Amino acid sequence: MADPDKPRAAFAPWDRRELPGLFGVEESAKRIGHYKWIEMRLFEVLGGWVATVPELDVKLRLGTHCYHHAWHAELWHKRLPELREMNPDRLTVPPNDELVAFVDAMSEPEAPGETIEKLVGVYRVLIPAKIAAYTFHLNNTSTITDAPTIRSLRFILQDEFEDWRDGEMLLQSLIETPAEVERAAAHQARLQTLLLSAGGIAGPGSIGSVESTEEVTS
């Protein structure tokens, strides 16, 4: 017979979830504010390019993708009041000036003949960085205390993977000569260096660090 005085376990025997995650409330709110900022900026950049790219298939994909990022920003906006009792707009900021410089450089190509550079910046640099940061967050937050964030991350990651695939297919259809391969590679290297200086879309620690990894695995 069970001891009536023994405290009942917090979770059922088959439930192996852990209560604490890597992120506290303040850290989650800060990261989500950065996520919202980059999603809003990407929405603006892609929306602006829709009017300038001459390739109809690219124009149509950018038009679809820009609204994915608008929805992602809305999802993050809705999470902020639940995490911190403050104006969400105060948290909607870039993590540092270096990320602003990266986004400015990514959005520089404006000429009709610079579609390759446009797509490289988004689909070979920024979106892979977003996938990495969002996956790190998903894998290191609590399934108990942060379930709404996990749900948002899963929805967003599905879009990100599908958009990355579309963008890469467009790029491969546009890059037809060795000179264009070099153009794409040079632009990617420049932007990747800027993003490295920023530390990722949420700043240093976007996909963890030695210290955070040790904390998770200890």
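The values are calculated or read from the model by the stated rules, or taken from the named source; none is laboratory data. On a predicted model such as this, the values are computed, not experimentally measured, just so you know. Note that each Cβ is placed from the backbone with ideal geometry, even for glycine, and that neighbours are counted across all protein chains shown. Surface accessibility is based on the protein's heavy atoms, side chains included, excluding ligands, DNA and RNA. Shrake-Rupley method; radii C 1.70, N 1.55, O 1.52, S 1.80 Å.
Only a single item in (1) open to solvent by 60 Å² or more (accessible area, probe 1.4 Å); (2) in a helix (DSSP H, G or I); (3) not basic (K, R) is not met by F102, and it is number (1). Among the residues making up region 48-65, those that are farther than 19 Å from P94 by Cβ, assigned to a helix (DSSP H, G or I) and out of contact with any Asp or Glu (no Cβ under 6 Å at 6 or more places or on another chain) are W49, V50, L56, D57, V58, K59, L60, L62, G63, T64. The residues of region 128-154 that are more than 9 Å from the chain's Cα centre (by Cα) and among the charged types (D, E, K, R), listed by number, are D146, R151, R154. Are any residues in region 123-173 free of Cβ contacts under 8 Å to residues at least 40 places away in the same chain and basic (K, R), and if so, which ones? Correct list: R151, R154, R165. Looking at K78, K59, just one residue is more than 19 Å from L126 (Cα to Cα) and open to solvent by 30 Å² or more (accessible area, probe 1.4 Å), and that residue is K78. Of the helices (runs of 4 or more DSSP H) lying entirely inside region 112-215, the ones with 1 or more residues being modelled with pLDDT under 95 and surrounded by 13 or more Cβ atoms within 10 Å (Cβ to Cβ) are found at 127-140, 147-174. Residues that are farther than 19 Å from S107 by Cα and open to solvent by 50 Å² or more (accessible area, probe 1.4 Å) within region 62-75 comprise W71, E74, listed in sequence order.
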